[in-house]
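Please read the structure below before turning to the comments.
The values are calculated or read from the model by the stated rules, or taken from the named source; none is laboratory data. All figures in this text were calculated on a predicted structure; none of them were measured in a lab. Every residue, glycine among them, receives a Cβ derived from its backbone with ideal geometry; neighbour counts consider all protein chains shown. Surface areas here come from the heavy atoms of the whole protein model, side chains and all, with no ligands, DNA or RNA. Shrake-Rupley method; radii C 1.70, N 1.55, O 1.52, S 1.80 Å.
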There are 2 protein chains.
Amino acid sequence: MTEAAADTPFRAWWRERASAHRSEVTRIPFSQLDGWGFERHGGNLVHTSGKFFTVEGLRIETDDGAEARQPIIHQPEIGVLGILVKEFGGVVYCLMQAKMEPGNLNTVQLSPTVQATRSNYLRVHRGGRTRYLEHFWGADRGSVLVDVLQSEQGVWFWHKHNRNMIVQVDGDVPVHEAFRWVALPELLALLHSDNLVNMDARTVLGCLPRELLPAEGRTGAFAAALRRSYETGSGTAAIRSWLHDVKGRGRWNTRLIPLDKTHGWTRGSDEISADDGSGFRVIAVRVRSVNREVPEWTQPLLAPREEGLAAFLVRRTGDTLRLLVQARYEPGLLDHVELAPTVRTPPVAADEEVPFLKDVLSADPRHIRFDTLLSEEGGRFHHALTRYQVIELPADHPAGAGDHHRWMTVGQLMELVRHGHYLNIEARSLLACLHSLR
Amino acid sequence: MTEAAADTPFRAWWRERASAHRSEVTRIPFSQLDGWGFERHGGNLVHTSGKFFTVEGLRIETDDGAEARQPIIHQPEIGVLGILVKEFGGVVYCLMQAKMEPGNLNTVQLSPTVQATRSNYLRVHRGGRTRYLEHFWGADRGSVLVDVLQSEQGVWFWHKHNRNMIVQVDGDVPVHEAFRWVALPELLALLHSDNLVNMDARTVLGCLPRELLPAEGRTGAFAAALRRSYETGSGTAAIRSWLHDVKGRGRWNTRLIPLDKTHGWTRGSDEISADDGSGFRVIAVRVRSVNREVPEWTQPLLAPREEGLAAFLVRRTGDTLRLLVQARYEPGLLDHVELAPTVRTPPVAADEEVPFLKDVLSADPRHIRFDTLLSEEGGRFHHALTRYQVIELPADHPAGAGDHHRWMTVGQLMELVRHGHYLNIEARSLLACLHSLR
């Protein structure tokens, strides 16, 4: 398909928005941060207002008495990630936003209707400036179709979770120029574009309820097996028992410590980095943009060193597709272990062997059903790119799962994602991607 | 009913077990603890093995920048609380244990089939000494009817949760003398006896699935309205949204700190106590018993100063009973806020006003539907007694609920308790008590 053929009305609007959101993000030394600084006692990186987030230290004690330390982002409050939906002519549309975030590779990405922090919604009835928030918060909100607290990256965030909401409206909604009603089938198709649909939009789409899923389907045996995989939602009790078995075997001793106690990490003038060069760095940036609440600001960001990989291996069993799901430990998760893609790299620990990585890396390109490079939260992470893949194993592939992996249907994941703390953020992203393959 | 008339076979067995479990619990100074001591750096109270639990400090930062500090119990692992059930002649029986715990007022209480720590079940296949654990852990376990991670007291425990399990067996199970099959209706009736059914048994009974509930019912309008309250389980989505609203309004900044940084608390030779005399003390005891794995041991216990109160106000609306449920903050809860009884005292903060307390304390005795003094976990808490009550409000009572309370049916609570982190430990205890009133 040529570029010209792909120039839908959405793409035309998108080009217009990308140029309207002109902005410049430059790295600065920590000393040039405005309102941010390292606390004298403990060295945590904090904002003088006590708001936003802090960068602190995390200590992880493992079972054998060994320990690991790292910086981690701490934001002890719950934000709202909400998509407003409305039916036009029998088709579900989502009100999406072209939103600039400083950590994005390409500055603007397609975001939910609202990404609101607590201070945004606590002022919603006193002239709040977050557009459309009144549909998600307070007595006059619309019809709530989804409302679930979901975790975010447990390797970078301490106990972070946000409220994932889908709210339906019937009445007229004035559409601001940075927003657009996007038909849900088109929105799901946009997941195939690199770095377009942002993490916050993906996690909400990963919580889509069955009744909103577009009915029409793709042709072919893979799509047929995938659609059948949605029909089997029973058996989640056994999955939860297995997850509890995994949790029960571990001793989960993680705690916040002062940032200056993260031995093995060094704070330079413009970055905090691991002495062995692994993982990520903490950096600072200055943002100049024309189109945001605050015209210029500075903030810290967490910058991963490597591109990540999040892949589901899938297999047809009979006529139903099953996914190989991992019970994955991440030190910052509220409950330590959640269901994750078959493979997620970088691994949590530098010396951790990643099961099934070879199967993903050596996959026959003809078996790759989904393959897109997508960005993690640009408000906290700098150029954090993850390759999301769905790879179908050939029928003759050995089927062993191991202690930390288990075969599941899409229907089972959809049943589990109705409650928080079962599916991790990358599993939810991939669930949204699977919705685009039906 | 006279004592003689009440002397069922269960009571005869119980008297026999109580006398078999002769034991003596005496307070000792901290210096006489074996294997336990205060860490030189930070002053946490720990066991030299690194196992069991630790007593550490907790810092709670409130929204307005104020802070509170207190000691808290930290045990970063998941135990199993499991009841084995079996049908005899169409009636469900539970295998219950007469178990001594050092903090119990009366030493022996009726406990689940297993209360196992992680180290218990990790050795289950190498000659483990926890009876019946093989029914709950490992490949050969029975048919799992309930398996859910549930929180425990968030004012005394840091992020504690245990696996609540009900497992059904068909085959023969040899019954050790400290154990007894108790018919479920009889077991529920035993909840009306002071300090008999222990906390661990109650929380598991609070997770009873619908299909195990005894069918036969009490007579009277209250029981009829109660039974109808079980039939309405829909509407939990709106309840969860409300719970998320409450969570969303707060900023939840709690963290473990060294015990010697709990300003306002003083460590004496035999207790750690708040300088204002409030809350609880940390003490140490020596236990001499004839019938436990270890014949003699010492350990710390947390000793509340006051008897607690946990009460549901209920009301008949039409012909259905509804409970006034509280969204309650407790600093040690994994997710900060869970559903709790209408009233729970002592309150979390000393200066906190307790809504509806007056309605409970001034209730007409004829409106009290349940009233029993029950013990909290005797393995960690010393003489921690809570008065559990269900009080029916008269029809003309003003019905306002306020921001942190909401009317719900029993069916809705049963729907929510299938997943963890919705109902707190006292709400689950009272749910078990309600099962005894049908």
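If a residue must be open to solvent by less than 20 Å² (accessible area, probe 1.4 Å) and either part of a helix (DSSP H, G or I) or under 30 Å from B:His382 (Cβ atoms) (or both), how many such residues does the stretch B:174-184 contain? Residues flagged as open to solvent by less than 20 Å² (accessible area, probe 1.4 Å) and either part of a helix (DSSP H, G or I) or under 30 Å from B:His382 (Cβ atoms) (or both) within the stretch B:174-184 amount to 4.
Number of residues in the stretch B:402-427 that are within 14 Å of chain A (Cβ to nearest Cβ), surrounded by fewer than 23 Cβ atoms within 10 Å (Cβ to Cβ) and farther than 15 Å from B:Ala238 by Cα equals 2. Residue check: is A:Asp7 surrounded by fewer than 16 Cβ atoms within 10 Å (Cβ to Cβ), free of Cβ contacts under 8 Å to residues at least 60 places away in the same chain, within 14 Å of another protein chain (Cβ to nearest Cβ) and in a loop (DSSP other than H, G, I, E, B)? When the stated conditions are applied, A:Asp7 does not pass them. The set of residues in the stretch B:114-131 that are under 21 Å from A:Ala238 (Cβ atoms) and either surrounded by 22 or more Cβ atoms within 10 Å (Cβ to Cβ) or modelled with pLDDT of 90 or more (or both) comprises B:Val114, B:Ala116, B:Tyr121.
The criterion of at least 2 residues that are among the hydrophobic types (A, V, I, L, M, F, W, C) and open to solvent by less than 10 Å² (accessible area, probe 1.4 Å) is met, among strands (runs of 3 or more DSSP E) falling completely within the stretch B:316-372, by B:320-329, B:337-340. Could you tell me whether B:Gln70 is part of a strand (DSSP E or B), touching a residue at least 40 places away in the same chain (Cβ under 8 Å) and closer than 30 Å to B:Gly268 by Cα? It is true that B:Gln70 is part of a strand (DSSP E or B), touching a residue at least 40 places away in the same chain (Cβ under 8 Å) and closer than 30 Å to B:Gly268 by Cα.
Of the residues making up the stretch B:128-144, those that are at the interface with another protein chain (Cβ under 9 Å from one of its Cβ atoms) and not in a loop (DSSP other than H, G, I, E, B) number 1. Just one residue in the set A:Glu39, A:Glu24, A:Glu16 is charged (D, E, K, R), at pLDDT 95 or above and surrounded by fewer than 18 Cβ atoms within 10 Å (Cβ to Cβ); that residue is A:Glu39.
Against the conditions (1) open to solvent by less than 10 Å² (accessible area, probe 1.4 Å); (2) in contact with a helix residue (DSSP H, G or I) (Cβ under 8 Å, 6 or more places away or on another chain); (3) at pLDDT 95 or above; (4) assigned by TED's automatic domain parsing to the domain that holds A:Ile425, A:Ala225 satisfies every one except (2). Yes or no: the stretch B:54-67 includes at least one residue that is open to solvent by less than 50 Å² (accessible area, probe 1.4 Å), of a type in the set (S, T, N, Q), farther than 30 Å from B:Gly138 by Cβ and more than 10 Å from every other protein chain (Cβ to nearest Cβ). The answer is no; no qualifying residue exists. Would you point out the residue of the stretch B:42-53, among those that are in contact (Cβ under 8 Å) with a residue 60 or more places away in the chain and either more than 10 Å from chain A (Cβ to nearest Cβ) or not charged (D, E, K, R) (or both), that is most open to solvent (accessible area, probe 1.4 Å)? If we take residues in the stretch B:42-53 being in contact (Cβ under 8 Å) with a residue 60 or more places away in the chain and either more than 10 Å from chain A (Cβ to nearest Cβ) or not charged (D, E, K, R) (or both), then B:Phe52 is most open to solvent (accessible area, probe 1.4 Å).
Taking the stretch B:185-299 and the strands (runs of 3 or more DSSP E) fully enclosed by it, the elements with 3 or more residues that are away from chain A (no Cβ under 14 Å) and in contact with a strand residue (DSSP E or B) (Cβ under 8 Å, 6 or more places away or on another chain) are at B:265-267, B:272-274, B:280-289.
The residue list A:Leu256, A:Leu302 contains one member that is out of contact with any Pro (no Cβ under 7 Å at 6 or more places or on another chain) and farther than 27 Å from A:Pro355 by Cβ, which is A:Leu256.
Listed here are the residues, each with its yes/no results for (1) touching a residue at least 12 places away in the same chain (Cβ under 8 Å); (2) of a type outside the set (Val, Ile, Thr); (3) farther than 29 Å from A:Gly57 by Cα.
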position: A:Thr320; (1), (2), (3): yes, no, yes
position: A:Tyr329; (1), (2), (3): yes, yes, no
position: A:Val360; (1), (2), (3): yes, no, yes
position: A:Ala363; (1), (2), (3): yes, yes, yes
position: A:Ala384; (1), (2), (3): yes, yes, no
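Apart from one condition, B:Pro304 fits all of (1) surrounded by 17 or more Cβ atoms within 10 Å (Cβ to Cβ); (2) within 14 Å of chain A (Cβ to nearest Cβ); the exception is (2).
Among the residues of the stretch A:228-266, the one identified as among the acidic types (Asp, Glu), open to solvent by 40 Å² or more (accessible area, probe 1.4 Å) and in the same structural domain as A:Phe312 (by TED's automatic domain parsing) is A:Glu231. Within the option set A:His397, A:His383, being over 21 Å from A:Gln70 (Cβ atoms) and either assigned to a loop (DSSP other than H, G, I, E, B) or at pLDDT below 95 (or both) holds for one residue only, A:His397. When B:Leu208, B:Leu149, B:Leu190, B:Leu145 are screened for being at pLDDT 95 or above and touching a Phe, Trp or Tyr at 6+ places or on another chain (Cβ under 8 Å), only B:Leu190 passes.
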